[in-house]
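The values are calculated or read from the model by the stated rules, or taken from the named source; none is laboratory data. Not measured: the values here are computed from a predicted model. Neighbour counts run over all protein chains shown; Cβ positions are idealised from the backbone, glycine included. Accessible surface areas use protein heavy atoms only, side chains included; no ligands, DNA or RNA. Shrake-Rupley method; radii C 1.70, N 1.55, O 1.52, S 1.80 Å.
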Amino acid sequence: MFWRMVRAALTRQRTSRVMIALTMTLGACVATAMLGVMFDVGDKVNAELKAYGANIVVQPKGAAVLTDLYDDAAALASTASLRESDLANIPTIFWAHNIVDFAPFLEHRVTLLTDDAGPSPPQATIVGTWFAHELMGAAGQHTTAGLISMRSWWQVDGGWIADQDEGLALVGANLADAAGIAIGDTLTVDGGQGRSRDLRVAGIIHSSGPESDQLVAPLSTVQALAGRAGEVGRVEVAALTTPDNDLARRAARNPESLSVSEMETWYCTAYASSIAYQLDEVLTDAVAKPVRQVTESEGSILAKTQLLMLLVTALSLAASALAIANLMTASVMERAPEIGLLKAVGARDGSVVGLILAEMGVTGLAGGALGYGLGLGFAQVIGHAVFGESIAVRPIVAASVVVLVGVVIVAGAIPSIRMLARLRPADVLHGR
Amino acid sequence: MTSIETAAPRPTEAPPLLSLRNVTKAYGSLKALDAVSMDVPAGEWLSIVGPSGSGKTTLMNIVGCLDRPTSGEVLLAGHSIAGLGGRALSDIRRTTVGLIFQKFHLIAHLNAVENVMVAQYYHSMPDEAEARAALDRVGLADRATHLPSQLSGGEQQRVCIARALINYPRLVLADEPTGNLDAANEHIVLELFRRLHEEGTTLIVVTHDPEVAREGGREIALDHGHVVREVHHG
Ligand SMILES: Nc1ncnc2c1ncn2[C@@H]1O[C@H](COP(=O)(O)OP(=O)(O)O)[C@@H](O)[C@H]1O
Ligand SMILES: [Mg+2]
């Protein structure tokens, strides 16, 4: 009989029921989308932030010690080097999946012999690197590493070059202005000790970094100019990392100080320091260091973004609860004679409340389910609009939305329940 | 015909089913009922008459356990109900009283038999066969699955009566049951009441209609919350 009454009631008062369901739909939709994005946003925001550059820098052992000792020891360090052949090991480390990108760098001081060079021809630094280098990961997957994605914000007039374009180079905008270099020019670049090359200018780099005064060329070109075949001066790695905690900070100072189980936890968590440690393991005579400021700001921006989404979720659900409370109260008022009658034939307050709550629950859950479906779509819209990628909605989102919808229904029902309890059949049945 | 100023209880052998002693209901300074006393023996058909605003509905609400008096004593089937809480009142209402309204108060989205079953549901157990039998008794067997909006006023009132009777209440209260009905339907309803009376059910019927009032064995007139007249018929 109870459900017979609920079912019959659900088929009338359609407008107010549809309104309640729609309100719940909206609330659930926003909650699903926000929570879906929130739980998946960690990776997305990190991937976005990689545009700000590497968060781990690998240097040769000697160079690292010297840079630590003397602030300005970079020049001294230029002789120590990493092996280019080791770089193939990077996609094989435990946290390889978290390595978004990396690129080697080798710098060399060169003299530019242009046609109209005077008695003192201009000098500049040429940087050798990978642009888009194909590598094979441990699982046999292909990865591409290099500057084109690591410096995706560079504006390059004329376009990027490829790793095999050994006769081409890019020139920083400042340098091009100062030395009167234009796209299509051929520069004779002298690396000293009789090593020189003719390089055609394929593009001009517009950026605010040091590259504005530099030449950028494929790694092999610079290795030849510097006479350092197979050598690399520095590797920048962009990795998705977990924000540091106490354990990570202690480990970063000295991994040996950890207990075995702490070591295990640390190694298997994607802290910048544990990824750096794993890079050390696969690169000969290398020291990998997290670039701290970047890592920490990533974590805090992420936390703030997630907090914002939680707030939006909470506000939209609170708004839903308020709207539902209004609609419910209006509906109970409209049905006062019916409710009075139920009480008059002997229904206790509790039974009437149960009846109304059941009607409300069915309506709200239907709206909530619809909202969840829409929210999944909405999450994808946000994902594509904001991050250019799909959002993977996790099961915890469904669970949270079910709980939240329940809470909103109950919270929205409270004012009308109080009204129901106060309603006296004598007042409504004789039409006063 | 006797006419008296106050309704002094007449001595009866068995204890009355309903007994009011100095019942007063005040709304602010207005006394809707002012020190009303009366006894209703089991099996009586009592008519209550009086001008609009004289306190008839207020009296019915108190007797029907829908409302509490401001002061005075009400004994229903041996229980004092004047001081009871809402829950206890609803229990007595459910087990002892059947209510019939001028405006029927059927639930619009339930059909006739379901409207009867609602009263069964809150009393004990819904039993569709029994509910259909009750509709049959008021001549509505073929209307069981009609919604109230598909029934005439007289038919709706008969559903309301079937609902009031379904749990075999000892006391049936009807507040202007024929107020919204035409003469033909009024006769059908009165015929049902006569049958109830013959079966021994105690009936209190509020009415404006002198003809309806004369059907009762006794008629009490209220005015400004006082019992002003008591008439015995037949
Ligand atoms: N809830 C209430 N609040 C204030 N006054 C009321 C209330 N109910 C009834 N009254 C007043 O009590 C008097 C008796 O009302 P009622 O019992 O409904 O009269 P009747 O049914 O005889 O027409 C009227 O004057 C009415 O205005
Ligand atoms: Mg009245």
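Taken across both chains, chains A and B shield about 2500 Å² of accessible surface from a 1.4 Å probe. On the protein assembly as shown, 57 percent of the accessible area sits on carbon and sulfur atoms, based on a 1.4 Å probe.
Under a 1.4 Å probe, what is the accessible area of the range B:28-232 per residue, stated in Å²? List each step's numbers first, then the result.
Numbers: 7790 Å² over 205 residues.
For the range B:28-232, the solvent-accessible area averages 38 Å² per residue.
Largest accessible area first, the listed residues A:MET333, A:MET1 line up as A:MET333, A:MET1 when surface is computed with a 1.4 Å probe on the assembled protein chains.
Considering only protein heavy atoms, what per residue accessible area in square angstrom results for the range A:140-244 with a 1.4 angstrom probe?
On the way: 4270 Å² over 105 residues.
On a per-residue basis, the range A:140-244 sits at 41 Å².
Partner shielding of B:100-109 amounts to 6, given as the average count of beta-carbon atoms from other chains within 10 Å of each residue beta-carbon.
The HN-Hα couplings worked out from phi for the range B:18-25 by the Karplus form 6.51 cos²θ - 1.76 cosθ + 1.60 (θ = phi - 60°) are 10, 9, 10, 10, 6, 6, 10, 10 Hz, whole numbers, x standing for Gly and Pro. Counting lysine pairs in chain A that sit 8 or more residues apart in sequence, or on different chains, and whose Cα atoms lie under 24 Å apart gives 5. Accessible surface ranking for A:VAL381, A:VAL345, 1.4 angstrom probe, highest first: A:VAL381, A:VAL345.
Under a GNM of chain A (C-alpha, springs under 10 Å), which listed residue has the highest mean-square fluctuation: A:ALA88, A:ALA33, A:ALA248? Per the Cα network of chain A with a 10 Å cutoff, A:ALA88 tops the list.
Please give the helix A:292-334 orientation as an angle from the longest Cα principal axis of chain A, in degrees from 0 to 90, rounded to the nearest 10. For A:292-334 against chain A, the angle is about 20 degrees. Just checking the listed ones, B:GLY139, B:GLY50, B:GLY216: in the Gaussian network model of chain B with Cα springs under 10 Å, the one fluctuating most is B:GLY139. Annotation: the antiparallel percentage among DSSP beta bridges lying fully within the range B:28-232 is about 30. Taking the longest Cα principal axis of chain A as reference, the axis of helix A:395-422 is set at about 30 degrees.
When nucleic acids and ligands are ignored and a 1.4 Å probe is applied, B:ILE166 ends up with an accessible area of around 10 Å². Computed on the Cα atoms alone, the convex hull of chain A gives a volume of 202 cubic angstrom per residue.
Annotation: A:GLU236 carries an accessible surface of approximately 20 Å², with a 1.4 Å probe and no ligand, DNA or RNA atoms counted.
Between amide H atoms placed 1.01 Å from N, distances below 5 Å from A:GLY146 occur with A:PHE102, A:HIS133, all of them 5 or more places distant or on a separate chain.
Solvent-accessible area of A:VAL237, all protein chains in place: 0 Å² (probe radius 1.4 Å, heavy atoms, ligands and nucleic acids excluded).
Rounded to the nearest 10 degrees, the angle from helix A:272-282 to the longest Cα principal axis of chain A is 40 degrees. Couplings 3J(HN,Hα) for the range A:86-103, derived from phi with the Karplus relation 6.51 cos²θ - 1.76 cosθ + 1.60 (θ = phi - 60°), are 5, 4, 4, 7, 4, x, 10, 6, 3, 9, 3, 5, 8, 7, 6, 6, 7, 8 Hz, where x marks Gly and Pro. Take every DSSP beta bridge whose two residues both sit in the range A:55-290; close to 80 percent of them are antiparallel.
The separation of the range A:388-402 from the range A:200-276, counted between C-alpha centres, amounts to 33 Å. Highest mean packing comes first when the peptides B:89-98, A:212-221 are listed by Cβ atoms within 10 Å, giving A:212-221, B:89-98. Under a 10 Å cutoff between Cα atoms, tell me which one of A:ASN254, A:ASN89, A:ASN174 has the largest fluctuation in the Gaussian network model of chain A. It is A:ASN254. Counting only other chain Cβ atoms within 10 Å of each residue's Cβ, the peptide A:360-366 averages 0.
The alpha carbons of the range A:55-290 give a radius of gyration and a Dmax of 19.2, 66 Å, in that order.
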